[in-house]
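Everything below concerns the one structure shown next.
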Amino acid sequence: MAVAKTRTSTFSRNLSTAAPSHGPGLKCGPNGTVFLSSGIPDLDKILGGGFPLGSLVMVMEDAEAPHHMLLLRNFMAQGLVLGQHLLYSSPARDPRGFLGTLPSPAASKDDKSRERDPDQEKGLRIAWQYKKYFGENQLDGQRDGKHEYSNEFDLRKPLERHFINGPRVDCVSIQDCPDLSTLRDRCATFLSQFPRNDGSISCAGRIAIQSFCAPQCAYSNMEWDMLSFIRSLKSMVRSSNSVAIITFPPSLLSPSFCKRWQHMADTLLSVKAIQDEDKELAQLLTGYQDMVGFLNVHKVARINTQVPVILEATTFSIKLQKRRYLVLECLNQAPVDGSSGTSYGTSGGCSSSSKTGNLDF
């Protein structure tokens, strides 16, 4: 008896092949995209998983407040905690001193409960029957791997020294560089360690460049040279298992070159400080007293697809929860007080009469 063969299209996906395994801190996404965490769980959710490998992220700074440093610190600390390689460049004389300001991962709720009362487990009588299905090692592995991809960081607690003092960290000062060829060579050497292939990804790299067009740099007036460097860096990053993030003050660039820089970015973000004692904004938004700034998402990286990303919101508030944890939230309008003015619900009359009776057509 002949066996009927199922007809398959030439475009069907072969599901028999096993998915490639990736190292810690990497997450598979749609269309073969592999994400790398930004170090901020809320930002990962907004971007659909994080920063895709091979993408260039650009952050426009605010001249009034260094809120871009919050994004850089979490991005760099997340990579060091996961054992990923890091190349950091800044206009400071000693860029390695900035590593001492990186935050430390916050303890999870499970760790706090275990540290608070370790003898409490002896008297537990809840869910004891599930121990026969899961071993103790498996339960511990699930609790320990909860924040394997993205951690919450305590901004008041510095990162441990053994993460910083290691061969995985490389620092470059761009203040002493007469041109960008030295920085380009350092980036090329760093990215050569993470060639892109179709197999498993054991490790990924991170590049963080702070205040790229700072006035203390010798090349700050060479706009075409800086644009050429960004273009070459994007091409090198795209062919490697790494992510590069560049922060720059747009006020120091001409409007035409600022638009060119924004066009080169795969993911484009901007931060803005909140003016002190803005009473109108305080009445308009809820939780204004806890806000320290705003984060705007101008562009989201789309690799291996042409489907655009439609975000529910593009502007988010930056809050410091308990003055320790960085949190991003959507902007919520404060409720309108009926005694202070006319609200939207009571302004539906079709005539100019102020009576509260029936509508006068």
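The values are calculated or read from the model by the stated rules, or taken from the named source; none is laboratory data. Note that the structure is a prediction, hence the values are computed from the model and not measured. Cβ atoms come from the backbone with ideal geometry, glycine included; neighbour counts cover every protein chain shown. Surface areas here come from the heavy atoms of the whole protein model, side chains and all, with no ligands, DNA or RNA. Shrake-Rupley method; radii C 1.70, N 1.55, O 1.52, S 1.80 Å.
Looking only at region 252-278, count how many residues are open to solvent by less than 80 Å² (accessible area, probe 1.4 Å) and not in a loop (DSSP other than H, G, I, E, B).
Residues that pass the stated criteria total 12.
Give the residues of region 87-105 that are free of Cβ contacts under 8 Å to residues at least 60 places away in the same chain, assigned to a helix (DSSP H, G or I) and either open to solvent by less than 10 Å² (accessible area, probe 1.4 Å) or farther than 23 Å from S150 by Cβ (or both), sorted by residue number.
G97
Residue-wise test of (1) closer than 14 Å to L87 by Cβ; (2) in a helix (DSSP H, G or I); (3) of a type in the set (K, R).
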| position | (1), (2), (3) |
| --- | --- |
| S150 | no, no, no |
| H162 | no, yes, no |
| C171 | yes, no, no |
| D176 | no, no, no |
| C203 | yes, no, no |
| C213 | no, no, no |
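Could you list, in sequence order, the residues of region 21-65 that are polar (S, T, N, Q) and closer than 19 Å to N151 by Cβ?
Correct list: S37, S38.
Examine region 279-288 for a residue that is farther than 30 Å from N332 by Cα and surrounded by fewer than 14 Cβ atoms within 10 Å (Cβ to Cβ), and state whether such a residue exists.
The answer is no; no qualifying residue exists.
Say we look at region 187-201 and pick out the residues that are open to solvent by 80 Å² or more (accessible area, probe 1.4 Å) and touching a residue at least 60 places away in the same chain (Cβ under 8 Å); which of these is farthest from V81 (Cα to Cα)?
The extreme case among them is D198.
Check whether at least one residue in region 158-177 is of a type outside the set (F, W, Y), open to solvent by 40 Å² or more (accessible area, probe 1.4 Å), within 21 Å of the chain's Cα centre (by Cα) and at pLDDT below 85, and report yes or no.
The answer is no, given that none of the residues of region 158-177 is of a type outside the set (F, W, Y), open to solvent by 40 Å² or more (accessible area, probe 1.4 Å), within 21 Å of the chain's Cα centre (by Cα) and at pLDDT below 85.
Kindly indicate which of A208, A204, A188, A218 is under 30 Å from Y149 (Cβ atoms), more than 23 Å from the chain's Cα centre (by Cα) and not hydroxyl-bearing (S, T, Y).
Going through A208, A204, A188, A218 in turn, the sole match is A188.
If you take the residues in region 31-58 that are open to solvent by 50 Å² or more (accessible area, probe 1.4 Å) and either over 21 Å from R302 (Cα atoms) or out of contact with any Ser or Thr (no Cβ under 7 Å at 6 or more places or on another chain) (or both), which one is modelled with the highest pLDDT?
In this case the residue turns out to be K45.
Can you tell me how many residues within region 324-341 are surrounded by 10 or more Cβ atoms within 10 Å (Cβ to Cβ), farther than 18 Å from G39 by Cβ and either of a type in the set (S, T, Y) or modelled with pLDDT under 85 (or both)?
5
Can you name every residue in region 215-241 that is assigned to a loop (DSSP other than H, G, I, E, B) and touching a strand residue (DSSP E or B) at 6+ places or on another chain (Cβ under 7 Å)?
N241 - this is the single residue of region 215-241 that is assigned to a loop (DSSP other than H, G, I, E, B) and touching a strand residue (DSSP E or B) at 6+ places or on another chain (Cβ under 7 Å).
Output the number of the condition that Q78 fails; it satisfies all remaining conditions of (1) polar (S, T, N, Q); (2) touching a Pro at 6+ places or on another chain (Cβ under 8 Å); (3) part of a helix (DSSP H, G or I).
(2)
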